[in-house]
Each structure stands twice: as C-alpha cells, then as structure tokens.
Amino acid sequence: MSAAKGKFDLTQGPILQRLITLSLPIMATSFMQMAFNLADMFWLSRLSDGSVAAAGTAGQFLWLSMAFIFIARMGAEIGVSQKMGEGDVDAAKKFAQNALFLAAVMGVAYGAAMIVFRQPLIAFFNIDDAQVVLESEQYLAFTAIAFPAFFMHHVITGAFNGFGNTRLPFYINSFGLALNIAITPVFIFVLDMGIIGAAVGTVIASVVNLGLKLWAIKRYKNRPFKTFRFFFKPEKVYIKQIFKWGVPVAIESALFTILFMVVSRLIATFGVGALAAQRVGSQVESLSWMMAGGFASAVTAFMGQNYGAKKYGRLREGYKISIIAMAIYGVFITFVLFFFANPLIAIFLDDPEAVAIGGNYLRIFALTQVLACMEGVAAGAFRGKGKTVNPTIVSVTSNVLRVIFAYALARTALGLDGIWIGIAISVTIRSVWMLVWYKFNARKLPKDDEMHTAST
C-alpha cells in the first residue's frame, strides 16, 4: 500500500487529474526559470551584446553543474517516489537525507573548482574579445558562490516531487526567482556592478531559496516526513543506490553540456554576435524543453510511485496520456517559434545581423519540438522505473552525433545555419530512438488488467 496520502498519493485516483496536479507546478517553475533567464539577458543586453555572450559562456558551467546535481536529485526523486509507493517511509526518508548530504559535498567541491580554474575554463572557448573573456570569468567566479545552495535546494525539490507535493517547491522557487528578477537590475544599474551584479542577484536568491526549503522539509505541514535530520552518519547502502541511479543521468547531462561547449567553440569562430544569438535563441527555445523537462519530472514521480506499488496498468495509461499532452504542447511551441522567431530574438538583441542569426536558429529548431516534447515523457518514464541507463545511452550517442553533424555542415555553404541543422538532426534521432526504445521496453511489464480500468 502506498505511503503517500490523499492528494499526494499518485497510485490512486483519476490519472489525468493526478498528472495535471503534479506537473503544473513543476512546469510553472520551469516557466519562472525561463522568465528569469530571459529577464537576466534583457538587463545584460542593456549593457552590451558582449555581456549577453559573457553570461552565456560562463552559464554553460552552470549547466554542467546539473550533471552532479542529478546524481543526488535522482536519488531523492526516484528513491522517495518508489519507496513511498511501496509503503516504506523510513527508506524514502533515508534516500532524501543521504542525497542532501551528497549535494552539499558536491556543491562545495564544484563551486571551489569553478573559482580556482575559471581562467582556463573560459579560455577553452577561444573568444577573441578581451572584455567578453574578463566578464565571463567574473560572472563564473561570483555565481560559483551559490553552487552549494543551488545543489541542495534541487535535491529537496526532488524529495517533494517524489512524495507528490510539487506545489511547495513551486511556491518557493517562484519567490526565489521573483526576488532574483527584482534585485538583479538594482545591482547591475543602481549599484553600477555590471555583469557581477547579475551574479550577486543569483547568489542571494539561491541562498534564500535553500533556507526556505530547509525550513519546509523540517516544519511544513505537508512535508514528506514527520522527522528529517540534517546531521547524521551517511549510509553506504543508500549512497551506493543513489550513485547507481544518478551516475547515468549525470553522464548524460555532463556530456550534453561538454559537447554543447565544443559546438559553442565552433560558433565563436563566427563572432560574438553569433554567440549572443545562440545564447538568446537557446533561452527562447527553453519555452519548449524546460516545460517538457518539468513534465518529465512529473512523469518520473508518477511512474516511481506506481512502479513501487506494482500498478502496471496505471503506468501504461499514465504514459499514454502524457504522450498525447506533450504532443499537443509541442505543436503549439512549433507554431510560436517558427512564425515569431525574429520578433522574439529582437526583444533581447539590437544588432540586425544577430537577430537574423537567432531567427534562423529558432525556425530550424521549431521543426524538432513535437518529437522532443514527447521524448521527455519516455525519458521520465524510464527514470521513474529506475532505468536511468537507457536514456543515457540514447542521449550520449545522439550528442556525439550532434558535434559530428555540426562540424561537418558548418564547413559547407550553409555555414552557421549548418550548425543549427546538424543539431536539429541529432535531436530528431534522439527523440525517435527514445520513443521506440521505451515502447519495446514497456512490453516487458507484467499485465495488470485490474488497474488498467483506472479513470482518466
């Protein structure tokens, strides 16, 4: 019997209602994050396109940090959801506690590494603009101070998601992002701190976010566990399982970011304007992948609880509903990105050439959105069942192809557009592969006709 109660029990009740209730706060959080990223770029663009390029360059190491965050977060999200589904609350709590411990250790280590090695890390991109290089180093060094808090609050979010309470993380994340949006222009312009001001705003917001989540997991009435310890002796059996679940996802995320950096180095050869266009274009495109990623997290929690409770018919029905929902969303995003590409880019960049580059980026990637949104459901379903290796194999392979296609097509008459086309081809391959593989994998689930009649 599931340990989660009432509205947080994902093994009972109408499936569509449960998925919507679970996914909307996560997707809204993703939207808030996207809104902050776009607001950040908007303020930085008032300084110069170079500042946008600098934040985008240093920001790739923030993306890289997600690889290490995923080790701990997957441990909390999968461990809590499956053990709650099984009815073992104590084991669920131990997964969350040990994951938070790992997050604290890795956050400190990663932040320190970014500060110490910021110069060679930024030098990798071979940017031919001394001011952009300097601002990139500054932004990375100051943002790195927030990494311990950033790592830890992601893990607490994972624990709440696995429990089925996605609303509280949304409220706290929304407050933190709103705070960040409000104070960033003060630091940038009023206090005349420039790009460093944007980093300082991020640090303050991350620390506040963590403080609120630490309080929530200890005191909030709808918390996953009645008691929760911050200081304890880490337990090897839980640490080992967390790494088993999390390392494949970490490898997938790390290689994605590293290979993205390799492609960014190639883009840098086309000038600072191309880098700025890529930064803005990828953030606008996040209207799709951040939302799809948020829904995928909801699918992971839903699948985890029902897999732990052995309700296989509910797994199938939930997957089917999720695929349809994200396909519809993908069609909407395709329309927006394709037909409003240049106006969206022009909000953040003034240079007509950069706007044209970013517009081409969005129109090309618009054609991949439907499959990419559906792919997120398959990846989330794999992870909810504890099968984190499968998505990693697909993602790593397709991301290697991304680099190969990008470099090959960039050498043709397509030039910069060849890079966008090469990446789009790899995204399509990844999406189709993931969807087909999950379809065959799902056939191995035991039949459970009794639960298959659950209302949608």
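Annotations
- Residue 445 satisfies every condition listed in (1) open to solvent by less than 70 Å² (accessible area, probe 1.4 Å); (2) modelled with pLDDT of 90 or more; (3) assigned to a loop (DSSP other than H, G, I, E, B) except (2).
- Residue 147, sole failed condition from (1) touching a Phe, Trp or Tyr at 6+ places or on another chain (Cβ under 6 Å); (2) open to solvent by 50 Å² or more (accessible area, probe 1.4 Å): (2)
- Residue within the range 347-362 that is in a helix (DSSP H, G or I), within 19 Å of residue 52 (Cβ to Cβ), under 24 Å from the mean Cα position of the chain (by Cα) and among the hydroxyl-bearing types (Ser, Thr, Tyr) present: yes
- For first residues located in the range 256-284 and more than 21 Å from residue 45 (Cα to Cα) and touching a residue at least 24 places away in the same chain (Cβ under 8 Å), partners that are in a helix (DSSP H, G or I) and open to solvent by 30 Å² or more (accessible area, probe 1.4 Å) and lie 6+ apart or on another chain with Cβ distances below 7 Å form the pairs 257/63; 259/400; 266/407.
- Restricting attention to the range 225-247, the residues that are open to solvent by less than 100 Å² (accessible area, probe 1.4 Å) and over 29 Å from residue 390 (Cα atoms) add up to 5.
- Subset of the range 386-424 [part of a loop (DSSP other than H, G, I, E, B), open to solvent by 10 Å² or more (accessible area, probe 1.4 Å) and closer than 19 Å to residue 253 by Cβ]: 386, 387
- Annotation note: Cβ proximity below 7 Å between a residue of the range 307-332 that is modelled with pLDDT under 90 and a residue that is of a type in the set (Asp, Glu) and open to solvent by less than 40 Å² (accessible area, probe 1.4 Å) (sequence gap 6+ or interchain) occurs for 311/448; 312/448; 313/448.
- Hey, residue 122 assigned to a helix (DSSP H, G or I), in contact with a Leu (Cβ under 8 Å, 6 or more places away or on another chain) and of a type in the set (A, V, I, L, M, F, W, C) or not: yes
The values are calculated or read from the model by the stated rules, or taken from the named source; none is laboratory data. None of these values were measured; they are calculated from a predicted model. Cβ atoms come from the backbone with ideal geometry, glycine included; neighbour counts cover every protein chain shown. Please note that ligands, DNA and RNA were not included when accessible areas were found on the heavy atoms of the full protein model with its side chains. Shrake-Rupley method; radii C 1.70, N 1.55, O 1.52, S 1.80 Å.
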